[in-house]
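Below is one structure, written out as structure tokens; comments come after it.
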Amino acid sequence: MAIYKIPTNTLITTHMAIMDYPTLCLLFSLLLTFIYVATISGRRISRLPPGPYPYPIIGNLLSIGVKPHISLATLSKRYGPLMSLKLGTKTTIVVSSPDIAKQFFHTHDLAFSSRSVPDTGQVVGHDKYSMVWLPVGDQWRKLRKITREHILSVQRLDASEDLRQKKVQELLDHVNHCCINKKAVNIGAVVFTTALNILSNYIFSIDLAQYDSVSSQEFKEAVSGLLEIGGKPNLADFFPILKPFDPQGLLRKGNVYGKKLMDIFDRLIDQRLQIRSSSSSSDDIVNLSANKDVLDLLLDLNQESESQFSRNDMRHLFMALFIAGTDTSTGTIEWAMTELIRNKTKMEKTQFEIMKLKDDKNIQEMDISRLPYLQGVIKETLRLHPPAPFLIPHLATQNVEVQGFIVPKNAEIICNVWAMGQDPNIWSDPKMFIPERFLDVKIDYKGQDYNLIPFGAGRRICPGLNMGHRMLHIILGSLIHKFNWKLEKNMKVQDIDMDEKFGLTLQRKVPLMAIPISNQ
């Protein structure tokens, strides 16, 4: 029998391999752990809130889709109501619950009160002058104070009620003309024109749009163009290195529309200055003082101190007011009309409430508090179809600990109020249109009830909330008080397209066309 001798060095090597196997496994595990930790070090070291793992370069952009409010609501069900994403190179924190929203916009409001400015927010230098985009500071406080005291105070709004009543009557006259001719009304288009003319008369004492589409629509087209551009996803926002190149041309197009608006504002300002300078007699001065609109009040401030309130401040303030004050009202009323037409019993309840109070008289703003069901319709519409599903993005000015996680400095803060409105833990039957849910509870949208904050909360709550509140109720209430509505071409209510178009605001994808039938 042959005897084979194994070399000594081979025995030693084999023995060492067997003896060191646990050590090698441990070393290999440590190596894998090191690679993993190094890969996600930013997330672990900074204790970011949980979120989907980001791909190289693009981050979580593929998770967003064409309807980000829905995509982020789905992700929050997996990762929680405080979630972090990497959108390109931008760290984004998504808030999807009232409790956490209160921590951001109440407990830590100052730290999160600045704005994350999109590339299109820089149209005609708007970010440098507008209270919408300015960080909280002296300039922002000055503009906010001017807006609160000279433009949107309760006293100013009360004094201008007749103006709004007049513009709503013009809307009803136009709808009545369509009624006589059995012509369908584009609800969104006529409400947009009404809202625009309410604002333009409040500020300039003139109409800037007409219901007749053949007429000049220069101002209306410029506002609509800016709203459309502002709602498009922009590569320059996700990858700031691309900003100088404006790869989609959105900033270039926005500057064209923005310049048109500024030219119109300049023309109106110059005309008013000429009128003021030519009114030299004491009688003329008394008449001007008694009938001052917003433009006159702001020109007074400007002439007191150009350095405190410049012409540029004025122009950009006008731009912010028109963009914010038209599209949001339009979208909300169009959605409310859609829901009421789809829900006949809700429509009849709303009409009965108004008819019982007003009979054949027009609704006045003092009547709003006595129309709880109409208020419920507006609140339910804002819950289901918030005009700005993410509000306007905030920016963290410092590292802040929230719920045991760190929200890092310069992170963008998105509050998904659409997801909050769809949460079954907050609302029973959240997908159903039920205005009655607001009748027995004191929930409002003034920024104190975080279950319903379509206008935001804290320092950056929408300054036009009170104006919007009045416009929404009197326009919607008047349309359904004076008219019944049916769909064109014998369409059935169950066939109404309820698809949404995500943008700067949440609009209907297909405009609502309805034929008015006189209710009188």
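Summary of values
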| item | result |
| --- | --- |
| Residues being surrounded by fewer than 17 Cβ atoms within 10 Å (Cβ to Cβ) and aliphatic (A, V, I, L, M) - total across the stretch 331-380 | 3 |
| Pair list, Cβ under 7 Å, 6 or more apart: the stretch 183-209 residue farther than 21 Å from residue 336 by Cα, other residue in a loop (DSSP other than H, G, I, E, B) and among the hydroxyl-bearing types (Ser, Thr, Tyr) | 202/160 |
| Residue check, residue 432 modelled with pLDDT of 95 or more, among the aliphatic types (A, V, I, L, M) and in a loop (DSSP other than H, G, I, E, B) | yes |
| Condition met for residue 356 (assigned to a helix (DSSP H, G or I), over 28 Å from the mean Cα position of the chain (by Cα) and either free of Cβ contacts under 8 Å to residues at least 60 places away in the same chain or over 27 Å from residue 125 (Cβ atoms) (or both)) | yes |
| Neighbours by Cβ (under 9 Å, 6+ apart or cross-chain): first from the stretch 490-508, assigned to a helix (DSSP H, G or I); second loosely packed, with under 14 Cβ neighbours inside 10 Å and modelled with pLDDT of 90 or more | 493/344 |
| Residues satisfying the stated conditions in the stretch 451-469, i.e. surrounded by fewer than 22 Cβ atoms within 10 Å (Cβ to Cβ) and either touching a Pro at 6+ places or on another chain (Cβ under 8 Å) or under 15 Å from residue 362 (Cα atoms) (or both) | 451 |
| Those residues of the stretch 148-171 which are over 25 Å from the mean Cα position of the chain (by Cα), over 11 Å from residue 474 (Cβ atoms) and of a type in the set (Asp, Glu), in sequence order | 158, 162, 170 |
| Single residue of the stretch 112-146 satisfying the filter (under 26 Å from residue 229 (Cα atoms) and among the β-branched types (Val, Ile, Thr)) that is surrounded by the fewest Cβ atoms within 10 Å (Cβ to Cβ) | 136 |
| Residue pairs meeting the criteria (Cβ under 6 Å; at least 6 apart or on separate chains; first β-branched (Val, Ile, Thr) and assigned to a helix (DSSP H, G or I), in the stretch 362-375; second buried (at least 18 other Cβ atoms within 10 Å of the Cβ) and modelled with pLDDT of 95 or more) | 368/473 |
| Answer from 443, 413 - the residue that is in contact with a strand residue (DSSP E or B) (Cβ under 6 Å, 6 or more places away or on another chain) and not in a helix (DSSP H, G or I) | 413 |
| Residue match in the stretch 470-484 (condition: surrounded by 21 or more Cβ atoms within 10 Å (Cβ to Cβ) and in contact with a strand residue (DSSP E or B) (Cβ under 6 Å, 6 or more places away or on another chain)) | yes |
| Unmet requirement for residue 279, which otherwise passes all of (1) at pLDDT 95 or above; (2) surrounded by 12 or more Cβ atoms within 10 Å (Cβ to Cβ) | (1) |
| Unmet requirement for residue 82, which otherwise passes all of (1) crowded, with 22+ Cβ neighbours inside 10 Å; (2) farther than 27 Å from residue 451 by Cα; (3) of a type outside the set (Val, Ile, Thr) | (2) |
| Count of residues meeting criterion [crowded, with 17+ Cβ neighbours inside 10 Å and in a helix (DSSP H, G or I)] in the stretch 242-262 | 10 |
| Single residue of 392, 413 found to be at pLDDT below 95, buried (at least 17 other Cβ atoms within 10 Å of the Cβ) and farther than 30 Å from residue 362 by Cα | 392 |
| 3 or more residues among the β-branched types (Val, Ile, Thr) and farther than 22 Å from residue 262 by Cβ: qualifying helices (runs of 4 or more DSSP H) within the stretch 129-203 | 161-180 |
| Residue 333, sole failed condition from (1) within 17 Å of residue 132 (Cα to Cα); (2) modelled with pLDDT of 95 or more; (3) under 20 Å from the mean Cα position of the chain (by Cα); (4) not charged (D, E, K, R) | (1) |
| Qualifying residue in the stretch 222-241 (condition: of a type in the set (Lys, Arg) and either touching a strand residue (DSSP E or B) at 6+ places or on another chain (Cβ under 9 Å) or in a helix (DSSP H, G or I) (or both)) | no |
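The values are calculated or read from the model by the stated rules, or taken from the named source; none is laboratory data. Note that the coordinates shown come from a computational prediction; the quantities given were computed from them, not determined experimentally. In this analysis, Cβ positions are derived from the backbone assuming ideal geometry, glycine residues included, and neighbour counts consider all displayed protein chains.
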